[in-house]
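The values are calculated or read from the model by the stated rules, or taken from the named source; none is laboratory data. All of these numbers come straight from a predicted model, not from anything done at the bench. Virtual Cβ from ideal backbone geometry, glycine too; neighbours counted across all protein chains shown.
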Amino acid sequence: MSGAEGAGESPVVIKSVTPEDAIIVVVGTEGRRLLTRDGKTWEDQPKTGRYFQPGPPPDRFEGYSGHDNTLHAIISLHEGFMAAGNYGNVIVESDNGKEWGDLYTADKLALSRDIRFGNGITLVVGWKNDRGNALGILDAEKNWEFVELPEELSGEAPLRSLAFGEGVFVCVTDDGAIGTTRDGEEWLQLFPPIGTTEDRFRVYYGDGKFLILGHRTSLISEDGLSWEAVELPGKLPAGTVPATWTGQGFVVINYVTSEVYWSDDGIEWEGFPAVGDIPKVDSLLAAHGQLFGLDYGLRIVSSRDGVEWKTIFNGSDAADYSNQFHDLAVGAPKKERISRK
């Protein structure tokens with residue numbers, strides 16, 4: 001199947017439940033952040049707050065050769081958002097997607113690449129200052145702990161993908177080493193690499209299933225402990241693979257072949273052509289009855305059926321790999337509490 005055949009009728013069903021007061025927040029290079037309440041009008045957020053100030057790193061980042069304020073990953077909490085930053089082990093928090101503060105740092109976690117909340121804690125994965133992978137834990141009291149990873153996860157292949165569901169966190173390295181834990185300290189299951197760094201494995205969760213996608217191999221699991229191989233309609237790119245759970249099934253974008261892969265159970269898949277401005281960055285989000293994706297050059301794209309894609313925000317005309325958005329999340333802002341006397 002080729003995208004040149006033209007777009008056909010899409011089986012993609014988007015049933016994600018979006019709260020009435022929900023907002024979408026996008027984060028990226030040098031602290032760039034956007035916010036929207038309807039998926040149409042985007043507000044460029046000012047770089048206010050200690051972390052977003054230009055110039056030399058704050059004191060707590062002493063010893064690092066660079067500090068570019070880049071945010072790589074963002075999640076929505078019960079109320080508000082939390083994002084993982086670049087050099088300096090930074091976690092920043094926001095009640096409304098606009099004002100950000102409360103920096104938390106984890107010793108030796110230099111490059112944060114993914115962040116997830118579950119079981120009352122926040123886990124962050126990335127690289128250590130002295131090379132190798134690392135994991136940080138932020139507990140409910142906002143105590144920040146660095147954790148040594150087991151041998152299976154501490155190799156040279158980057159650890160940059162994390163998912164939470166069914167009471168467990170699942171993380172996977174670029175070469176397919178898999179770890180499952182409830183708390184980031186005790187590991188329920190560990191698997192050695194199932195591929196190479198070229199596979200660039202990523203893990204996603206939806207409706208009781210974990211899905212791991214790789215260049216040559218993809219896996220499915222209901223508990224994050226036992227896995228079985230699944231076959232997608234085509235080989236995925238050796239690099240970024242936009243994918244998400246839509247509330248009804250998994251959708252995966254193959255931007256190299258201009259195809260979209262769809263499965264309502266993660267096991268049986270079908271593929272069909274896609275047209276337009278297809279997303280090329282890992283992050284994909286289902287919200288407000290449509291899919292939102294990211295493209296190089298500070299672009300945001302969207303689709304209501306997974307087939308036809310269009311650019312809805314363009315912050316740069318150049319396809320600049322070093323200047324881009326990295327992640328997006330949807331959630332409800334923290335509500336103001338009204339005191340009753």
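Tabulated values for the structure
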{"quantity": "From L211, L236, residue being of a type outside the set (S, T, Y), buried (at least 22 other Cβ atoms within 10 Å of the Cβ) and under 16 Å from G179 (Cα atoms)", "calculated": "L211"}
{"quantity": "The stretch 32-47, subset part of a strand (DSSP E or B) and of a type outside the set (A, V, I, L, M, F, W, C), residue surrounded by the fewest Cβ atoms within 10 Å (Cβ to Cβ)", "calculated": "D44"}
{"quantity": "Those residues of the stretch 303-322 which are modelled with pLDDT of 95 or more and small (G, A, S), in sequence order", "calculated": "S303"}
{"quantity": "Members of the stretch 229-267 that are out of contact with any Pro (no Cβ under 7 Å at 6 or more places or on another chain) and among the aliphatic types (A, V, I, L, M)", "calculated": "A229, V230, L232, L236, A238, V241, A243, V251, V252, V260, I267"}
{"quantity": "Residue count for the stretch 245-259, restricted to those that are assigned to a strand (DSSP E or B) and out of contact with any Gly (no Cβ under 8 Å at 6 or more places or on another chain)", "calculated": "1"}
{"quantity": "Matching strands (runs of 3 or more DSSP E) fully within the stretch 193-233 where at least 3 residues are over 19 Å from R113 (Cβ atoms) and modelled with pLDDT of 95 or more", "calculated": "218-221, 228-230"}
{"quantity": "Some residue of the stretch 195-214 being among the acidic types (D, E) and in contact (Cβ under 8 Å) with a residue 60 or more places away in the chain", "calculated": "no"}
